[in-house]
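In what follows, a structure is listed as structure tokens, so that the remarks can point back to it.
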Amino acid sequence: MLSLSAVPTARSLHATSLRCCHLAIHSNGDCLEINAVGLQQPLQLHYAWLRGHCYCDKCYSKATYQKIFDLHCLSLFEKPVDIHLEDQNLSIKWTDGHQSLFHIDWLIKNSYSGYKQTSKKTESYWNSNKIKELNPEHVTFEKFMNTECGVKLLLSNVLTYGIGMVEHVPATLEATQQVVERICPPQENLFGKMWQFATQPVHSDTAYSSVYLGAHTDGTYFEDCPGLQVFHCFHHEGKGGETLLVDGFHAAEIVRTVLQISPNNHLEFVYVFSV
């Protein structure tokens, strides 16, 4: 079995069609306020952001998915000369005569202000009893490699629980790499892209021994820490060797609750080590 784990930080957007009921200029003069049914508070969109996100044919190439408009020409003090609604579209005319058109739903789903209100968390915190109860579905190697729903199932588990399992993967480095590359290219590091190790004392590292390893986070010493980690056991004899998985977000929530720490407070920490 191959296990894939990640910090569940991704978010999925969830937004229904929202009818704009009020449009007003922000009092400080550098941003626009939009009130819409279903929003907890008005969107505040800076004019510079709006001008830089114009997707008309003069500003954006739909063939290459690249911007044509030179952002260096954009003034942070950009101001419109006319703003009005056309059905569910916000029409803005700028000082240089350029016309921009934004659908209200698009602004709600893609703006920094709207995303905070419409994003829906997918992650589920768990402990050993909870994860057994939830029992996330595993995906077979064949289904994962040959169907989109297999990939979706694995990634959905990673986003929700931080872990995912692929069963019946051939016990080879090549097959393991196929699974990895079905998701993304492996990250190069001091060990290489893909590497094997066994209980042989070839390095001064507990991971190369049969000594029990408690809960820990790998790769924190890298400049670019791993976003996803993949483990595949090729061969096992004897006792022990179980994989220990811990929901770090659940552990952090317990600490926050017990110590009554506000989410807005930042705590200092010290990395303790000995030479």
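Read-outs: derived from the displayed coordinates by stated rules, not from any lab. Values in this document were obtained by computation on a predicted structure and should not be read as measured data. Counting neighbours? That spans all protein chains shown, and the Cβs are built from the backbone with ideal geometry, glycine included.
Would you pull out the residues with amide H under 5 Å of Tyr55's amide H, same chain only if 5 or more places away, H placed 1.01 Å from N?
Leu101
Considering only Cα-Cα distances, which of the following residue pairs are longer than 29 Å: Lys109/Lys193; Lys67/Lys193; Lys130/Lys193; Lys109/Lys152; Lys62/Lys143?
Details: Lys109/Lys193 36 Å; Lys67/Lys193 34 Å; Lys130/Lys193 34 Å; Lys109/Lys152 22 Å; Lys62/Lys143 34 Å.
Distance filter (> 29 Å) returns Lys109/Lys193; Lys67/Lys193; Lys130/Lys193; Lys62/Lys143.
Pop out the ³J(HN,Hα) list for segment 212-219 in order, Karplus 6.51 cos²θ - 1.76 cosθ + 1.60 with θ = phi - 60°, rounded to Hz; leave Gly and Pro as x.
4, 10, x, 5, 7, 10, 7, x
Mind ordering 67-75, 173-181 by average Cβ neighbours within 10 Å, highest first? Each step should come with its number before you reach the end.
Numbers: 67-75: 11.0, 173-181: 15.6.
The peptides rank, most packed first, as 173-181, 67-75.
Quick one: Karplus J couplings for segment 88-100, per residue in order, coefficients 6.51, -1.76, 1.60, θ = phi - 60°, nearest Hz, x for Gly and Pro?
Going residue by residue, I get 9, 10, 9, 9, 10, 10, 9, 4, 8, x, 5, 10, 10 Hz, with x marking Gly and Pro.
Counting other Cβ atoms within 10 Å of each Cβ, which chymotrypsin sites (Phe, Trp or Tyr not before Pro) in segment 208-261 have at most 13 and sit in a DSSP loop?
The qualifying sites are Tyr212, Tyr221, Phe222, Phe234.
In percent, what relative contact order does segment 143-184 have, based on Cα pairs under 8 Å that are 6 or more apart in sequence?
On the way: 22 pairs, mean separation 14.2, N = 42.
Reported relative contact order: 34 percent.
³J(HN,Hα) across segment 223-232 via Karplus (A = 6.51, B = -1.76, C = 1.60, θ = phi - 60°), whole Hz, x for Gly/Pro?
Per residue, the Karplus-derived 3J(HN,Hα) values read 5, 10, 5, x, x, 10, 10, 10, 10, 9 Hz.
Give the relative contact order (percent, whole number) for segment 173-223; include only Cα pairs under 8 Å separated by 6+ residues. Let's see the in-between values first.
Details: 22 pairs, mean separation 10.5, N = 51.
It rounds to 21 percent for segment 173-223.
Using only Cα atoms, locate the centre of segment 50-114 and the centre of segment 178-235, then give the distance between them in Å, rounded to an integer.
If we compute the Cα centre of each part, the gap is 45 Å.
What are the equivalent ellipsoid semi-axes of segment 146-267, built from the alpha-carbon gyration tensor (square roots of five times its eigenvalues), in whole angstrom, biggest first?
Details: eigenvalues 154, 94, 49 Å².
They are 28, 22, 16 Å, listed largest first.
Quote to one decimal, in nm, the extra length available between Phe191 and Phe231 on full extension: 0.36 nm per residue of separation minus the C-alpha distance between them.
Working: separation 40, 0.36 × 40 = 14.40 nm, distance 1.44 nm.
Result for the pair: 13.0 nm of gain on full extension.
Classify segment 212-255 from the C-alpha gyration tensor, please: rounded if a/c falls under 1.5, else prolate or oblate depending on whether a/b exceeds b/c. Write out the running numbers ahead of the final one.
On the way: a/c = 2.53, a/b = 1.40, b/c = 1.81.
Oblate, because a/c is 1.5 or more while a/b does not exceed b/c.
Between Ser128 and Val81, what FRET efficiency follows from the Cβ-Cβ distance if R0 is 45 Å, with the result rounded to 0.05?
Values: r = 62 Å, r/R0 = 1.38.
Step by step, r from the Cβ atoms, then E = 0.15.
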